[in-house]
Amino acid sequence: MKRIGIISDTHGCWDEKYEYYFGECDEIWHAGDIGSIEVADKFEAMKPTFRAVYGNCDDYDLRSRYKEVLRFKCEDVDVLMTHIGGYPGKYDRRIQNTLLASPPNLFVDGHSHILKVMNDNSLRLLHINPGAAGHMGWHGERTMIRLIIEGKSFTDCEIIKLGANDSRL
């Protein structure tokens, strides 16, 4: 059993709530637009396994540390993560062929700042976009996700609301 924290679009923002909600997680996954090496270092210092991809707003330092697309196993779940991915029925052309040729069990992305947890019945996968946890962007609510992966099962999927996006005020 693995407790997973999923976050995206921090855009250089560090919030102590990340540690509060993800402190007991076994793994933290960041779906891009981390925003700074300092934020990445803070996630890595938390000591669970930290997996991340870079986003379109991430600089050279983050792009040299992380990949654009990451595929890995967590328990018995095949996970594919990228920043710009779209969603079921509207996948981005950069990842669509990979998804169609070899669908994962779980597809994680960010970029849109729109929280989505939805099944893709045609590809038999779960799609998760945790929304945006930072303050940069047009989103009204800052969000992230926690869930448990045990074997091939997903349980206890929880949307965590961090509060209003102050940059919109």
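Read the figures in this text as sums done on the coordinates, not as results from a lab. Quantities reported herein were computed from a predicted structural model and do not represent experimental measurements. Reconstructed Cβ throughout: ideal geometry from the backbone, glycine too, with neighbour counts over all protein chains shown.
Quick notes
- Over 22 Å (Cα to Cα) - which of Lys2/Lys152; Lys42/Lys116; Lys2/Lys90; Lys42/Lys90 fall in this group: Lys42/Lys116; Lys2/Lys90; Lys42/Lys90
- DSSP bridge pairs, the chain: antiparallel proportion in percent, nearest 5: 65
- Derived scalar couplings ³J(HN,Hα) [the range 10-20; Karplus, 6.51 cos²θ - 1.76 cosθ + 1.60; whole Hz; x for Gly, Pro]: 7, 6, x, 8, 10, 10, 4, 5, 4, 5, 4
- Fraction of C-alpha pairs exceeding 17 angstrom in the range 17-100: 52 percent, rounded to a whole number.
- Other-chain or far-sequence residues with amide H under 5 Å of Lys116's (modelled H): Asn129, Gly131
- Note on the range 1-62 and the range 127-155: Cα centroid distance 12 Å, given to the nearest whole angstrom.
- Relative contact order computed over the range 1-101 (Cα-Cα under 8 Å; 6+ residues apart), in percent: 22
- Coil-residue chymotrypsin sites (Phe, Trp or Tyr not before Pro) of the range 89-153, DSSP, other Cβ within 10 Å capped at 16: Trp138
- According to the Cα-based calculation, Rg over Rh for the chain is 0.93, with Rh computed by the Kirkwood formula.
- For Cys74, nonlocal amide neighbours, meaning residues 5 or more places apart or on other chains whose placed amide H falls under 5 Å from its own, are Val79.
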